[in-house]
1. Between rounded, prolate and oblate, where does the chain land on the alpha carbon gyration tensor, with a ≥ b ≥ c its root eigenvalues, rounded for a/c under 1.5, else prolate if a/b exceeds b/c?
2. Select from H112, H44, H19 the residue whose mean-square fluctuation is largest in a Gaussian network model of the chain (Cα-Cα springs shorter than 10 Å).
3. Describe numerically, in nm with one decimal, the distance between label points set 7 Å from Cα along Cα→Cβ at D143 and at E172.
4. Give me the percent relative contact order of the chain, please, defined on Cα pairs under 8 angstrom at least 6 residues apart.
5. Would you mind working out the magnitude of the charge dipole of the chain relative to its Cα centre, with +1 at each Lys and Arg C-beta and -1 at each Asp and Glu C-beta, to the nearest 20 Debye?
6. Please give the residues of the range 1-17, grouped as numeric ranges, whose backbone N is less than 13 Å from a label point set 7 Å along the Cα-to-Cβ vector of E86.
7. Specify the inter-centroid distance of the range 133-183 and the range 57-79, based on alpha-carbon positions, in whole Å.
8. Give me E120, E42, E156, E167 sorted ascending by neighbouring Cβ count inside 10 Å, so fewest comes first.
Amino acid sequence: MHVVVGLGNPGARYAVTRHNIGFMVVDHLAQQGKVTWSTSREDHCQFVRLDLAAQEVLLVKPQTYMNASGAAVAALQQRLGFDSEEVLVVLDDFLLDFGRLRWRRKGSDGGHNGLASVIEKIGTSNIPRLRVGIGQPQEDIIDYVLKPFAPTENVERMVQWTCKAVEMYLNEGMDAAMNRFNA
């Protein structure tokens, strides 16, 4: 089983903000699969199982707010028993140009508090991740990531592109996804 964790913040206030691009991606994958989210209070998340790219996939949206996202992933891991290498974290990155994707097999959190929480709670940095460029701020970073996208930014297209990257990763593996989308 693959576990795709979209990072974001719960609630309507944050729904269309830059920091929620991970939620937007897994929401789009769930919508494509015509499945409905369930809530697990014990695991601090919303989740859905579906077949995606001929694989059994668990989509996850932590409901702990960004900086505590690892609590949800660790609770699910403890209950379901998946390996950290089976987890894919989809997250925003303000150091990347809008729409640019960057795959990594493992590594540091790169200053992202949500990813830092996942690494800390799971106990390893050997977690595949897909960073999604949300554009570089010209203002305070916190204000920037908690703002909605500009009307001129084609967020729908970026989400669809990111979903294609996730599907390629599931179908063909990390090398193929890196070669195709780390451009």
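1. Judged from the Cα gyration tensor, the chain comes out rounded (a/c under 1.5).
2. Largest GNM mean-square fluctuation: H112.
3. 4.2 nm
4. Values: 378 pairs, mean separation 48.2, N = 183.
Rounded, it is 26 percent for the chain.
5. On the way: 19 positive and 21 negative charges, 19 e Å.
Dipole of the chain, to the nearest 20 debye: 100 debye.
6. Label zone hits: 1-4.
7. 20 Å
8. Placing the least packed residue first, the sequence is E42, E156, E120, E167.
Only the coordinates and a few stated rules stand behind these numbers; no lab work does. Everything numeric here is computed off the predicted structure, so don't read it as measured data. For neighbour counting, all protein chains shown are included, and Cβ atoms are generated from backbone atoms with ideal geometry for every residue, glycine included.
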